[in-house]
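Reading through the structure tokens given below for one structure.
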Amino acid sequence: MAATRATPYQSLLRAGVSGTELPDELATEDTRRLVCRNCARTFPRADMSDESTPPFTRILIATDGSPAGNDAVSLGVALARLAVAPVVLLHAAMPWRGGAWLARFVAAADASVDPGCVALAEACLDRARVVAMNASVRFETRLAYDPHPDRAIVQAVRDTGCDLVVMGYHKGHVARRVGAHAGVPLLTCHERTA
């Protein structure tokens, strides 16, 4: 005669308990709330609760329009949809053409913002807006003018109260600095290799 394998919860249930009925010794209001509603065979644990907190309440997605940045937008919006969290779409733009080396010589107050840089930044944010709207995710957009994108991202995290940063990863120096100074988890999307 083959022995039947007992489930770990079998000793807690009386013989003949139907799938929706609880034994009298387990039938309290708390256990009714915590026991699996489908089978009534799961014993309620002390660490189970009705109220689950979302893993992230607000997600910052930093994008630069690169393929890795666009992947970061898609991934961040998908996470936000799963977590039912709003996103902040950020593009840190150079205020003028010439890069970071020019920032050492020209103070930001002395230089005007290059209209070409603004147009590229807005086009990048428009693509991110479309992704968020198509996924029905609440979002806000921010355009930061800073020759150092890592500073702009860290400042946006502090200003918006985001608890996750999603960004593209190119050479890694910006992502490393954001990870070191943001104080929140950082999720990076690497460039695709051929």
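Here's how it looks for residue 144: its modeled amide H is under 5 Å from those of 91, 92, 93, which are all 5 or more places away or on a different chain.
Each residue, residue 133 and residue 159, gets one label point 7 Å from its Cα in the Cβ direction; the gap between the two is 2.3 nm.
Solvent exposure of segment 120-194 amounts to 58 Å² per residue of accessible area, where only protein heavy atoms count and the probe is 1.4 Å.
Distance between the C-alpha centres of segment 117-142 and segment 143-157: 17 Å, rounded to the whole angstrom.
The values are calculated or read from the model by the stated rules, or taken from the named source; none is laboratory data. The shown structure was predicted, so the numbers you read here are calculated from the model rather than taken from an experiment. Counting neighbours? That spans all protein chains shown, and the Cβs are built from the backbone with ideal geometry, glycine included. Surface areas here come from the heavy atoms of the whole protein model, side chains and all, with no ligands, DNA or RNA. Shrake-Rupley method; radii C 1.70, N 1.55, O 1.52, S 1.80 Å.
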